[in-house]
1. So what is the calculated 222 nm ellipticity per residue for the chain, using -39500 (n - 2.57) for each DSSP H run with n of 4 or more, over all residues, to the nearest 500 deg cm²/dmol?
2. Checking the table Lys40/Lys80; Lys80/Lys164; Lys16/Lys164; Lys122/Lys373 against a 29 Å threshold on Cα-Cα, which pairs fail?
3. By how many degrees, between 0 and 90 and to the nearest 10, does the Cα long axis of helix 3-23 differ from the longest principal axis of the chain?
4. For the chain, modelled as a Gaussian network with Cα springs under 10 Å, which listed residue fluctuates most, Glu410, Glu427, Glu20?
5. Please give the helix 324-338 orientation as an angle from the longest Cα principal axis of the chain, in degrees from 0 to 90, rounded to the nearest 10.
6. May I ask for log10 I(q)/I(0) of segment 301-442 at q = 0.11, 0.14, 0.21 Å⁻¹, from a Debye sum over the Cα atoms as equal point scatterers with solvent left out?
7. Just the Cα atoms of segment 130-219: what Rg and Dmax do they give in Å?
8. Applying the Karplus parametrisation 6.51 cos²θ - 1.76 cosθ + 1.60 with θ = phi - 60° to the phi angles of segment 432-442, what ³J(HN,Hα) value in whole Hz is obtained for each residue in order, glycine and proline being reported as x?
Amino acid sequence: MELRERVAALMPRAKKDLAELVAFRSVADARQFPPEECEKAAQWVLDAFAQVGFSDARLVETADGSKAVYGERPGPPGAKTVLLYAHYDVQPPLDEDAWNSPVWELTERDGRWYGRGAADCKGNILMHLTALRALGDDVPVNLKLIVEGSEEQGTGGLEDFVPKNADLLRADAILVCDTGGAAVGRPALTVSLRGLANVVVSVKALSSEMHSGMFGGAAPDALAALIHMLSSLRDAQGNTTVNGLDNTQTWSGAEYPAGQFAADAHVLNGETLLGDGTVSDMLWARPALTVLGIDCPPVVGSASAIQPHARARLNLRVPPGMDAVRAQDALIAHLEAAAPWGVHVTVEREASGQPFLAETGGPAYTALRGAMKDAYGVESASLGQGGSIPLCNVFHDTYPDAEIILMGVEEPLTLMHAPNESVDPDEIARMALTEALFLQRY
Ligand SMILES: [Zn+2]
């Protein structure tokens, strides 16, 4: 039987397996879900990969207390080594009432499979398994496997583990399977990731709340000052305008059509996207500032008083070509300079992470592009991703010569991290075929 037919024949089993895996409430936060849920998911992954030749698969503990599944499957002597990556932990369900079917029960609707983790990243685990089941013994490379258990928490378990166990995970090509195509049926590799720099800015103007009738107009108002400062971070078109940060870089890969983006982003009026660049420029090549939260009185319960203090938490996305710490410095300097009326400003640094740009000229990329074209019947695109995957930088720093390839089943319709996450089973099948063809040819 041809590889494509073998993958197709394996899809009912992939659905049954994915249903079992989605049923584990593997949110890696013991305050929200019992830790046994992660342990059961880890054991499931271990058993499943043991059955496709990773006979020595075992659990390894990382510094944050989570457990990753590690395994090896030797190939012919002298063959190249490919490391397969995924994660078995998931995002919390958020508003359970917003789900149209049970969060932890894989449910088919209009050809898609719904459930938390169905795409991110358990769908990618099934992609790996389906590819390996289709290949059987015909795997002409050495394989290594790492499926981590705390990716969504940002606690850095695997990021800490990799450099300390560099030989264990060393590979010529690393398939980081936690992204997806441009759309269903339109394959893509993710070649750039934005970094991030977060800060909390606090403003103090008075030592007490004061009556807005008696004092408003002359007394400095901390909340108004904060709003004034925040508004200086965007211009009238919506471009992010942090002093010292270039906001004119352009994206050289695939375009993200504005209409599709507006639909994917659930924009109410699709005509009004931000910025004077293309969607791809704004998402993947330029910095973007988001106000994550503001501390100020809520509307209900607010009084006629001038606010003595206010604060905001800000998130700056940092594109490749920019240093995340220097971007954070620039944001802090901008906020201090923008503070009006002699108010007291303090800016606290939170997390920062560097952007990532893949090197796409090597033999693994070439083999993968070819495999993807044959699996989908169309050329693959190069996309960026606005979010960050800090592990990619760790892999790059630890294995400077390895080719790091980001791909997977998480196309935009998956709504990963949101309620009603889903996966398109055809994407699992096509990506499994891509992976199988790649492993045969690399
Ligand atoms: Zn993920």
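Where a number appears in this text, it was derived from the coordinates with a stated rule and is not lab data. From a predicted model like this one, the values you see are computed outputs, not experimental measurements. Quick reminder, even Gly has a Cβ in these numbers, built from the backbone with ideal geometry, and neighbours come from all protein chains shown.
1. Values: 12 runs with 139 residues, N = 442.
Result for the chain, helices only: -9500 deg cm²/dmol.
2. On the way: Lys40/Lys80 32 Å; Lys80/Lys164 22 Å; Lys16/Lys164 36 Å; Lys122/Lys373 24 Å.
In this structure, Lys40/Lys80; Lys16/Lys164 lie more than 29 Å apart at Cα.
3. Result, in degrees: 50.
4. Looking only at Glu410, Glu427, Glu20, the biggest GNM fluctuation is shown by Glu20.
5. Value to nearest ten degrees: 20.
6. Relative scattering, expressed as log10 I(q)/I(0), comes to -0.65, -0.87, -1.34.
7. Radius of gyration, then largest Cα-Cα span, for segment 130-219: 25.6, 82 Å.
8. Ordered by residue, 3J(HN,Hα) equals 5, 5, 4, 5, 5, 4, 4, 5, 5, 9, 5 Hz.
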